[in-house]
Amino acid sequence: MEIIKRKENHLLSRVEINFTLNHADAPTPSLSEMIGMVMKLEPGSKKELVFIKNVNTRFGMPRTTGLALIYDSEDDASLEPDFIKSRHKITEESDGGDE
């Protein structure tokens, strides 16, 4: 995963990362895999406070782009829409069942 742009948004208490992910000879990574990669890029971030948005993979190209939002606290993360939170909650639950 390569960071294209990193911005600290103090007004919304979050870090915004535009990223590119090259995945030659592999399928597009799942949401939980992308969250794990972002957590490696931002040490100290919590899994439940990382939200991946605007993921785009061009047909026939092994390159995915997207936006990762990393919030400081649960209160700050309340800005995210409910459908985004539920999408990420489903990912967390499916990861917990595999271990």
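What residue, among those in the stretch 42-54 that are outside any strand (DSSP E or B) and in contact with a strand residue (DSSP E or B) (Cβ under 6 Å, 6 or more places away or on another chain), is surrounded by the fewest Cβ atoms within 10 Å (Cβ to Cβ)? Before you say what the answer is, go through the steps one by one.
In the first step, residues of the stretch 42-54 are kept if they are outside any strand (DSSP E or B); the result is 42-49.
With the extra rule that they be in contact with a strand residue (DSSP E or B) (Cβ under 6 Å, 6 or more places away or on another chain), the set shrinks to 42, 45, 49.
Working: GLU42: 14, SER45: 18, LEU49: 18.
Looking at the filtered set, the residue picked out is GLU42.
Note on the stretch 55-64: residues that are in a strand (DSSP E or B) and either of a type in the set (Phe, Trp, Tyr) or over 11 Å from the mean Cα position of the chain (by Cα) (or both) amount to 4. Residue-level check: of (1) crowded, with 16+ Cβ neighbours inside 10 Å; (2) in a loop (DSSP other than H, G, I, E, B); (3) β-branched (Val, Ile, Thr), THR28 misses just (1).
Taking residues in the stretch 1-30 that are farther than 17 Å from LEU41 by Cα, and partners anywhere that are at pLDDT below 90 and surrounded by fewer than 10 Cβ atoms within 10 Å (Cβ to Cβ), the pairs with Cβ atoms closer than 9 Å and at least 6 places apart or on different chains are SER13/ASP75.
Selection of the stretch 47-91 for residues being in contact (Cβ under 8 Å) with a residue 12 or more places away in the chain, more than 28 Å from ALA24 (Cα to Cα) and of a type in the set (Phe, Trp, Tyr) yields only TYR71.
Scanning the stretch 15-25 for residues that are modelled with pLDDT of 90 or more and either crowded, with 16+ Cβ neighbours inside 10 Å or farther than 12 Å from ILE70 by Cα (or both) yields VAL15, ILE17, PHE19, THR20.
The values are calculated or read from the model by the stated rules, or taken from the named source; none is laboratory data. These figures come from a predicted structure and were not determined experimentally. So basically every Cβ, Gly included, is an ideal-geometry build from the backbone, and we count neighbours across all protein chains shown.
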